[in-house]
Amino acid sequence: MVFAPSMASTNSTSTLLASSAAVFATGVLSGAALYAAMERRNHRRALASTKPLNPRDPSSNSMHHPVAGLADLITRYQQKLYSKDVGETFPVRPVVKPGSVYEQIPGQCPEAPESYAAIFKDCEDILLPGLTHWASPNFFAYFKAHGSEPSALAEMLSSVVNVVGFSWTAAPAATELEQAMCDWMARLMNLPECFLSTSPGGGVIQGSASESLLCGMIAARNRALEGLEGAARAEKASRLVMYISDQTHSIGEKGCMVLDLPHLRVIPTRRGAADPGNYGLHPDDVAAAMAKDVAAGLVPFMLVPTVGTTSTTAIDPVRPLVEVARAQGEPVWVHVDGAFGGAATVCPEFQHWFDGVEDVDSLCVNAHKWLLMPVDCSLMWVKDRRPLLKALALTPEYLKNDFMTQVNYKDWQIQLTHRFRALKIWFTLRRFGATGMRNHIRRSIGLAKRAESLLLKDGRFQIFTPVRMSLVCFYVAFGGRELNEALLRRVNDSGKMFLIHSVVDGVHFLRLAVGGVEVDEWNIDHAVEVLSESLTALVESSPKWRDEYMAYRSLAPAF
């Protein structure tokens, strides 16, 4: 039986439900109002507990006090870092175990604001002791990022104005300063007029040489496939070949991975074949590789010569390599990687390293490697900007404006965001001047030659490739790779200096890369002294190495 309530009971129930709903709604609304009131109160308390940054109220927006505190921290850090008392300075490579810094950092951010004093103290107590100190005058590894006072100040100002210069209208002054700084640097290195902003080409400041090469690869591929669609485009793309040497930076190989390019020719370098005493890329080897690929139905589309290789600072001959590339049936994009060595061309005596660059499609120089600017600051120039823009330009509706014919740097790079990097070039070049920059390069090379001379004077070291830039490549003359590796470990574990190694042509050697305005003759002499004392300790600790040393000494006329 189905229960059917009477009309009276139905009305009573409806009234009860309506009354209950009203009470419930009132409760919900009252609760919501109470919750909102509590949230407003908590928000007011939070605002009251911290002074808002109000540009109209100098007393609450002054950065003088925290900047002074940061300046004090930086001063203490640099005094300790540059100290010639080994007991006072930081170990160049920290004595830390993986995870030890992470364990000192709380698991979550603080609920309440903390003072700058507390933040600076933790920087000094936790972070600085756990850093590998790239700014140390005893850091001789990799190619060190050379900062300077004016460039550091520029970075601070850049962070404060915090513009994002993806287009001219988004940052007019930043865009035009970048054009001007690319022109300043081009003229300082005596680059051809075709790379100036007033020409069909121009410059852009990328984050790294890797980004510069990758953008060049994208433009080169797009140019090689221009006019093709669908299956025809895919078919030709499968036949494109890129050419690098066995000393080219690893981004050459990684770029092919990123772009899914199936054919990469890594051409072996030969000692002295193209670069006296070093390992350059010989034009005949490139020509032979290209001819073989063309005969197989493949399409050469890109060649990457290097001016200043990472391992030994070898210099590939630009002009002869360009001539090989231009002899192909289809245009081959030539990108010169001058990330390190290109910086030296601010000095007239080294500008011949770029001989033939007027015929390349693009080139890059890392200002953050040898030109006294912190990362990131990689200058890239193109002879003709149109292929680059065709490959990378994309403007959604919300970025369209009345100034689209101006330089919009979003179209010169992969990402949209574009940092205000030109400011540190402007500060640095104005503070040092062209003369100061040239003196810095020459001084660095002189210090490297001093290290080379002292190592040879020791009698137990041999130079792998002659010093040309600010890099010394050397190895122990006896004991083989095992002793060289042991010496590297001992030196780095001491904390007195930091080196790395490389292997070229089957030879394991150590690299001592000089750089930075903070390095002087004392640091060079100290580095060689540490190497000499460490080698002596190793030889004396091993009968095997002692015997090998005595055998070497009996044959070496220097002894």
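With neighbours defined as other Cβ atoms within 10 Å of a residue's Cβ, the residues 139, 478, 403 order from fewest to most as 403, 478, 139.
When DSSP beta bridges are restricted to pairs lying wholly in the chain, around 60% turn out antiparallel.
In this simple spin-label approximation, residue 88 and residue 164 carry label points 7 Å from Cα along the Cα→Cβ vector, and these lie 4.6 nm apart. Helix 209-224 versus the longest principal axis of the chain: what is the Cα-based angle in degrees, 0 to 90, to the nearest 10? On a 0 to 90 degree scale, this one is about 90. Here the extension length gained between residue 123 and residue 457 equals 116.0 nm, from 0.36 nm per residue of separation less the Cα-Cα distance.
Label sites at residue 442 and residue 507, each approximated as a point 7 angstrom past Cα along Cα to Cβ, lie 3.0 nm apart.
Note on semi-axes √(5λ) of the Cα gyration tensor in Å: of the candidates [x] 53, 37, 26; [y] 48, 31, 24; [z] 42, 28, 23, the value calculated from this structure sits at [x].
Selection among 243, 466, 64 by position relative to the dipole of the chain gives 64 as farthest towards the positive end (Cβ unit charges, Cα centre). Fewest-first ordering of 244, 414, 267 by other beta carbons within 10 Å of each residue's beta carbon gives 414, 267, 244. On a 0 to 90 degree scale, rounded to 10, what angle separates helix 422-458 from the longest Cα axis of the chain? For 422-458 against the chain, the angle is about 40 degrees. Cβ-to-Cβ counts within 10 Å put 522, 545, 370, 333 in ascending order as 522, 545, 333, 370, the fewest first.
Among the listed pairs 97/410; 84/457; 84/121; 144/457, which have their C-alpha atoms separated by more than 31 angstrom in this model? In this structure, 97/410 lie more than 31 Å apart at Cα.
Note on residue 295 and residue 187: the extension gain reaches 34.7 nm, defined as 0.36 nm multiplied by sequence separation minus the Cα-Cα distance.
We did not get these values from a lab; they are worked out from the coordinates using the rules stated. This is a predicted model, so every value here is computed, not measured. Don't worry about glycine lacking a Cβ; one is built from the backbone with ideal geometry, like all the others, and counts go over all protein chains shown.
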